1. Too long at a 31 Å Cα-Cα cut-off: which of LYS47/LYS81; LYS43/LYS80; LYS14/LYS80; LYS8/LYS80?
2. With label points built 7 Å along Cα→Cβ from the Cα atoms of ILE25 and ASN9, find their separation and express it in nm.
3. With each pseudo-label sitting 7 Å past Cα toward Cβ, what's the LEU77-SER60 distance in nm, one decimal?
4. Suppose we keep just the alpha-carbon trace of the stretch 5-80; what are its Rg and Dmax in angstrom?
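Quick note: the coordinates plus some simple rules give every number you see, no bench work behind them. It should be emphasised that the depicted structure is a prediction, and the values quoted were computed from it without experimental measurement. Cβ coordinates were reconstructed from backbone atoms using ideal geometry, including for glycine residues, and neighbour counts include every protein chain displayed.
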Amino acid sequence: MKVTADLKNLPPQKPTNPVRPFEEIAEGMEASFTSHMLAEMRKTAPKEEQDSTAMEYYNSLLDSERAQLMARSETGLGVKKVILDQIVPQHMKHYLKHAQAVPSQGLTKVSMKENTNE
């Protein structure tokens, strides 16, 4: 049984994280949102006379990179955590990094009826 012997010599593999695809999606969405927010914030700043098309392009690349870094960080804007709480199936929630640190703060159902005890 040569195949069995070869399999025994393989190094053990690390278990895969089943929520990683969800984390990548949420991170991309946070980066996109943050990039758009930074671009809109930049529009409100006064323009310099020496600003050129090249400088605008550089600033857009800078904003995009900042957004990526913010989305990858543990703190970020928090959009990634909110998205993950919404898209990760319930039976996989224990795999989330922030699930142990921050309990899920889901919305609670509130009755719109007034309480009238007259």
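1. Result: LYS47/LYS81; LYS8/LYS80 exceed 31 Å.
2. 4.1
3. About 1.9 nm, to one decimal.
4. 19.8, 72
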